[in-house]
Structure formats: structure tokens, C-alpha cells
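To start, the structure under review is shown below, and the notes come after it.
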Amino acid sequence: MPSPLVSAQWLHEHLGDERLRIVDCRFSLQDPSAGRQAYTAGHLPGALFLDLEQDLSAPVRPDRRGGRHPLPTPEALAQTLGRAGIGNEHFVVAYDDPPVGGMYAPRLWWLLRWLGHGQVAVLDGGIGAWRAAGYEVSTAAVEYAPTTFKPHPQPEMVVDANFVAHRPAGTVLIDSRAPERYRGEVEPIDPVAGHIPGAINRNWLDSLEASGRFKPAEEQRKRFEGLEGEIIVYCGSGVSATANVLALELAGKQARLYAGSWSDWVSDPSRPVARGPE
């Protein structure tokens, strides 16, 4: 399995590689049109744009089961990728605009891994690192010929609410949201505040340096020190948790994703809710 990260320098040196597909994943939960607008204003040369809600999620169900950003079916996601010109032969580099906007490229990284596609990485530091290196952005339209992406799903990478509720003893459950949301002091998005009983808190933003780059492996190991056995990670809707999954991989640990996350958990009022510190 290749490294989950590539540097701006590496990407700049490989821009001419026909096997390369760069994907702009910028998005804003507060303004869903912001990502597309940012892409139009300037993107990495040759980069495609994929939208979190239109391309990388299934439609939200009326009963909210599955959460705010439900996983697309493997078949639907494969069709989206194929239409964009991404096939099984391509090496995909996803980028966004960390630190605050640094959860969206890991979502695509995780989704492709989930489809069995190991040739994928996140641009470390996102578009900010690209600009800081002095590399140019482009406003040119980008279009590749449609192709076929054949998915090879890895169902063991994901768990649902029932599995979380009846998880084996000793399972480590990580809540990736901000500490105040974990404690239930505030809840700006979902209808219920708090966390899943038994979960510990490791804020996904702590995986990043101020520059937006991921902290080195040794610092990631310190973040997750003492966590042994099976690890399940969740967040609000299965997006920012993928940054923690990537950070855990840097630390040498594997984790499964509760994709529906908190927004799915609280869609059923019978599920228990905890508040306060760990």
C-alpha cells in the first residue's frame, strides 16, 4: 500500500504523467457551492472537481438514517468516477484546503480505498502547500474521456450503528469531532448533542499542523498512544473521521469507519447518548 500522502513537489514533478488524476475536493458545510466556486477561481493544473454531496455521498434519506452524508453504493461511486475519466489504472491525488477544510480529500482517499483502489493519496497541505511552493494554479476547463471504473468493495472497512451498539468488548471507539461537540456543550449541525457512550475523543484537527500538513508519524503515534485492538472512528457524518483514519495509518494503526456517524446514531431516538468528558 503506498503512502497516504504526497508532497506538492512530488505532484508538480508528476503533472505530465498520463496515469495521474488530480481531484479538487474543496467544500464548505456552511456553503455547499463554495467548493465549486473556489475550483472555478483557480485549481491545480489538470484537476477535476468532485462535490462532497453531489458526487461523494448518496442522497440524504427522509428519516436521516445513514446520516448527513450517506455512503454512495460502490456501483454508483464507480459510475461517478468513470464519468469523470478515472479508471482502475489511474493514480488519484485528492486535495482540499486544510487545516479547517482538510477533511474532504481524506473522504475521497477513504472512498477509493473502500472500492479496493490502493493507488490514491492526499496532497499533504492541500492547495495551500501548492501555492506556498510557488506553483501556479489554473482556471482552464478540465475534461477527460469517460472510462470504466470496476469496484472491488472492501466491506470490512466500514461498520454500521448496530455493530457499534454491540461492538466487542475492548473495541476502541473514537469520536473525531471538536471536544465541545463531543461533550455535548454545543451542537451546531445535528439535532441532538453528545457522543456515543464509551467513545473517547480525538479531534481530527489535531492530526494537522498549523500549515495544514499532517503531523509526522511520531506525533500521530503520541495522539493515539495506548490504543490497542480494534479501532472504530466516527465524526458527525463520516467525513472528518476519514482524516483520523489517515492519521491512524500514519501512526501504524488500522481503523474501521462508522460511516453514518453521529448524525446516523441520533436518527434513532432509542439509541443512548452520553454527555460530558471522557
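The values are calculated or read from the model by the stated rules, or taken from the named source; none is laboratory data. Worth saying up front: this structure is predicted, and the values here are computed from it rather than measured. Here Cβ is always computed from backbone atoms with ideal geometry, including for glycine, and neighbour counts include all displayed protein chains.
Would you point out which residue out of VAL233, VAL245, VAL239 is in a loop (DSSP other than H, G, I, E, B), within 13 Å of the chain's Cα centre (by Cα), surrounded by 20 or more Cβ atoms within 10 Å (Cβ to Cβ) and hydrophobic (A, V, I, L, M, F, W, C)?
Within the list VAL233, VAL245, VAL239, the selection yields VAL239.
Report every pair of residues separated by at least 6 positions or lying on different chains whose Cβ atoms are under 6 Å apart, first residue within region 66-83 and farther than 12 Å from ASP264 by Cα and in the same structural domain as LEU112 (by TED's automatic domain parsing), second of a type in the set (D, E, K, R) and part of a loop (DSSP other than H, G, I, E, B).
Between residues of region 66-83 that are farther than 12 Å from ASP264 by Cα and in the same structural domain as LEU112 (by TED's automatic domain parsing) and residues that are of a type in the set (D, E, K, R) and part of a loop (DSSP other than H, G, I, E, B), the close pairs are THR80/ASP55.
Give the number of residues within region 28-44 that are of a type outside the set (Gly, Ala, Ser) and surrounded by fewer than 16 Cβ atoms within 10 Å (Cβ to Cβ).
Result for region 28-44: 6.
In region 164-191, how many are free of Cβ contacts under 8 Å to residues at least 40 places away in the same chain and farther than 23 Å from MET103 by Cβ?
Residues meeting the conditions: 2.
Within region 126-173, can you find the residues that are within 23 Å of GLY238 (Cβ to Cβ) and either at pLDDT below 95 or polar (S, T, N, Q) (or both)?
GLN154, ASN162, THR171
So, ALA217, is that one farther than 28 Å from GLU53 by Cα, under 19 Å from the mean Cα position of the chain (by Cα) and not assigned by TED's automatic domain parsing to the domain that holds GLY128 or not?
yes
If I filter region 6-27 down to residues being in a loop (DSSP other than H, G, I, E, B), touching a helix residue (DSSP H, G or I) at 6+ places or on another chain (Cβ under 8 Å) and hydrophobic (A, V, I, L, M, F, W, C), which single residue comes out as surrounded by the fewest Cβ atoms within 10 Å (Cβ to Cβ)?
Only one residue tops the list, namely PHE27.
For the list (1) surrounded by fewer than 16 Cβ atoms within 10 Å (Cβ to Cβ); (2) under 29 Å from GLU230 (Cβ atoms), I need the number of the one condition that LEU77 fails.
Checking LEU77 against (1) surrounded by fewer than 16 Cβ atoms within 10 Å (Cβ to Cβ); (2) under 29 Å from GLU230 (Cβ atoms), the one that fails is (1).
Taking helices (runs of 4 or more DSSP H) that fall entirely within region 81-199, which contain at least 2 residues that are in contact with a strand residue (DSSP E or B) (Cβ under 7 Å, 6 or more places away or on another chain)?
104-114, 126-132, 179-182
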